[in-house]
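Since the structure comes first, as structure tokens, the remarks are kept for the end.
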Amino acid sequence: MSSKFFHHVLIFCMIVIASQGNAEEVQKAGSWRVWTPLDFGAKGDGISIDTGAIQAAIDACAAAGGGRVVLPKGIYLSGSLHLRSGVVFHLDPGSILRGSPDNSDYDPYEQLGFENDSDRETSFFHFALIWGEDLENIGIEGTGIIDGNRSKRGGPKPIALKRCSQVRITGITIENAPNYCISLLGVDYALIEGVTIRKAHCDGIDPDCCRHVRISNCQIESWDDAIVPKTSFSLGEHRPTEFLTITNCQLATASNCFKLGTESGGDFRNITVSNCVMYPLGHRHPTSGISLESVDGSKLRGVAITNISMRDVEVPIFIRLGNRGRDMEIPTPGVIEDVLISNVVAEGATRACSITGIPGHKVKGVTLSDIRLRYQGGGSSEDLGVEVPELIDRYPDADMFKKLPAFGLYCRHGEDFVFRNVQLHVEKEDGRHALYAEDVSDLSIVGLRSENKSQTPLMHLKEVQQASIRIDRLAEGSPLMAVSGKTTMGIAVERYLLELPGMIQLQEEVQGDSVTGR
């Protein structure tokens, strides 16, 4: 018989002996026993493969009814580890769980048994350093490091949990991850707190089809998106992501800081983001600070975002309803409605924020309040007449429209928008509008302000119905508004503005009574 066979027999015997001895001790003490891989032959020298010893400690702990597996100071080289229900995996100060550089040391990709349009990173969970499936009452904690041990994207996930509940991931640091650092699929009741992610080549934290997830006090530095809630089809069903809170986090990325909806087959409901700072990783500016997207039929409702500070983010706010239609027999647009974004400050922005639906399907019920955005500016008035493509089935990204006729905020195909105390400033004079709205109904603007000293009107309303405009201050010499479109009607402004020459510029097709004073 092979030495590998005897090795497995030895480990099994150790598990049985340890678990039997532990059961009585646990019962007497009324608490969990601490297990360590060192008792099962782990070297912790950074050279030996310690997968078997670490797994033996986890299995022995689970066989005894649960407890804590502690990784003491040292460097433990490992392939795939299977977490068990009732087990807390603890990394002591100075401990490093380092992923093996050899892909053969990891479990292969699982068989899904159904078609799924999502990519490999989103779909699969067994090719990972620490993974668990159908588990409950589990934890990964401590102040040690999980090192993915890769220098580029493509490889195993550091932490991958699928259909688990009662999950705690706290205090740890994750470095050099080639795949989603913390990947959750169909996980309920999870706490991710005080986690540090550094030098990640892929997404930071991805809650996919998850419910009751709390993410707080985390610092994330990832070349791809930092926090990305999704609702993919990777469970073989459309499942929502809901009851999600994110607070007190620092998000540095070269992509998107908070992006909801890259995969959006299931619904998004009851989600809040608060007290976060967003900034670049390296010299590449993040594409967006806040992105809210529904492009695969998702109903996105009840999202509130507040107290956000950004620096050098290309697009501070991006809201997109499209119709890509992944995992849908017939692509059908979803819904975006009831979104509140408040108390956002950004400097160094380079592209306009946008809120866009598609023809026949409007984004509804969006409020932006107490927003102060400072753009680099310098745009040309030649872009005022640009034809912005619909891009109905395009992958959603904040820079997807390229040129826009506004430097600050572009809105199209919307209903029930409220913009209150929104300030859109520029470092260099810009020849475009601060705000452009097309095919928007029930629009309320209170206190829109810009320091842009240009002959271009502050805003342009095209095919807009039922709008109330209250402006407390205009840059010297700047007109208030250009109005166009045959269906434009019901625009109400302060009466004195109608008497100022050139303040409101009506194009020929606009009916004379479309703009009235109050």
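Checking the conditions here, which among Gly46, Gly65 is outside any strand (DSSP E or B), surrounded by fewer than 20 Cβ atoms within 10 Å (Cβ to Cβ) and of a type outside the set (Phe, Trp, Tyr)?
Gly65
Which ones in the range 345-395 are of a type in the set (Ser, Thr, Tyr) and out of contact with any Lys or Arg (no Cβ under 6 Å at 6 or more places or on another chain)?
Hits for the range 345-395 are Thr350, Ser354, Thr367, Tyr375, Ser380, Ser381, Tyr395.
Being surrounded by fewer than 24 Cβ atoms within 10 Å (Cβ to Cβ), touching a Cys at 6+ places or on another chain (Cβ under 9 Å) and under 23 Å from Glu115 (Cβ atoms), is that true of even one residue in the range 208-231?
Scanning the range 208-231 turns up no residue that is surrounded by fewer than 24 Cβ atoms within 10 Å (Cβ to Cβ), touching a Cys at 6+ places or on another chain (Cβ under 9 Å) and under 23 Å from Glu115 (Cβ atoms).
I'd like to check which strands (runs of 3 or more DSSP E) are fully inside the range 448-518 and have at least 1 residues that are open to solvent by 70 Å² or more (accessible area, probe 1.4 Å).
Ranges flagged: 465-470, 489-493, 504-506.
Inspect the range 366-373 for any residue being in contact (Cβ under 8 Å) with a residue 40 or more places away in the chain, assigned to a strand (DSSP E or B) and of a type in the set (Lys, Arg) and give the result as yes or no.
yes
Could you list, in sequence order, the residues of the range 394-414 that are part of a strand (DSSP E or B) and either surrounded by fewer than 16 Cβ atoms within 10 Å (Cβ to Cβ) or under 25 Å from the mean Cα position of the chain (by Cα) (or both)?
Correct list: Phe407, Gly408, Leu409, Tyr410, Cys411, Arg412, His413, Gly414.
Considering only residues that are outside any strand (DSSP E or B) and of a type outside the set (Gly, Ala, Ser), which ones fall in the range 337-365?
Thr350, Arg351, Pro359, Lys362
Which number in (1) open to solvent by less than 50 Å² (accessible area, probe 1.4 Å); (2) at positive phi; (3) assigned to a strand (DSSP E or B); (4) not β-branched (Val, Ile, Thr) marks the one condition that Leu391 misses?
Single failed check for Leu391: (3).
Of the residues that sit in the range 101-111 and are part of a loop (DSSP other than H, G, I, E, B) and touching a residue at least 24 places away in the same chain (Cβ under 8 Å), which one is least open to solvent (accessible area, probe 1.4 Å)?
Tyr106
Of all residues in the range 59-95, which are β-branched (Val, Ile, Thr) and closer than 25 Å to Glu136 by Cα?
Val69, Val70, Val87, Val88
Would you check which residues across the range 117-148 are open to solvent by 30 Å² or more (accessible area, probe 1.4 Å), farther than 30 Å from Gly325 by Cβ and either touching a residue at least 60 places away in the same chain (Cβ under 8 Å) or assigned to a helix (DSSP H, G or I) (or both) and list them?
Within the range 117-148, Asn137 is the sole residue that qualifies.
Among the listed residues Phe89, Phe114, identify the single one that is in contact with a strand residue (DSSP E or B) (Cβ under 8 Å, 6 or more places away or on another chain) and either open to solvent by 10 Å² or more (accessible area, probe 1.4 Å) or of a type outside the set (S, T, N, Q) (or both).
Sole residue among the options that is in contact with a strand residue (DSSP E or B) (Cβ under 8 Å, 6 or more places away or on another chain) and either open to solvent by 10 Å² or more (accessible area, probe 1.4 Å) or of a type outside the set (S, T, N, Q) (or both): Phe89.
For (1) open to solvent by less than 10 Å² (accessible area, probe 1.4 Å); (2) assigned to a loop (DSSP other than H, G, I, E, B); (3) of a type in the set (Lys, Arg), each residue gets a yes or a no:
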position	(1), (2), (3)
Cys257	yes, no, no
Asn275	no, no, no
Arg301	no, no, yes
Ser309	no, no, no
Val313	yes, yes, no
Asp327	no, yes, no
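Within the set of pairs 6+ apart or on separate chains, which have a first residue in the range 172-199 that is more than 30 Å from His238 (Cα to Cα), a second that is among the basic types (Lys, Arg) and in a strand (DSSP E or B), and C-beta atoms under 6 Å apart?
If the second residue must be among the basic types (Lys, Arg) and in a strand (DSSP E or B), the pairs left are Glu175/Arg198; Glu175/Lys199; Asn176/Lys199.
For the range 475-518, give me each residue that is under 42 Å from the mean Cα position of the chain (by Cα), of a type outside the set (Gly, Ala, Ser) and farther than 20 Å from Glu463 by Cα.
Within the range 475-518, Glu476, Glu494 meet the criteria.
The values are calculated or read from the model by the stated rules, or taken from the named source; none is laboratory data. Note that the coordinates shown come from a computational prediction; the quantities given were computed from them, not determined experimentally. Neighbour counts run over all protein chains shown; Cβ positions are idealised from the backbone, glycine included. Heavy atoms of the whole protein, side chains included, go into the accessibility calculation; ligands, DNA and RNA do not. Shrake-Rupley method; radii C 1.70, N 1.55, O 1.52, S 1.80 Å.
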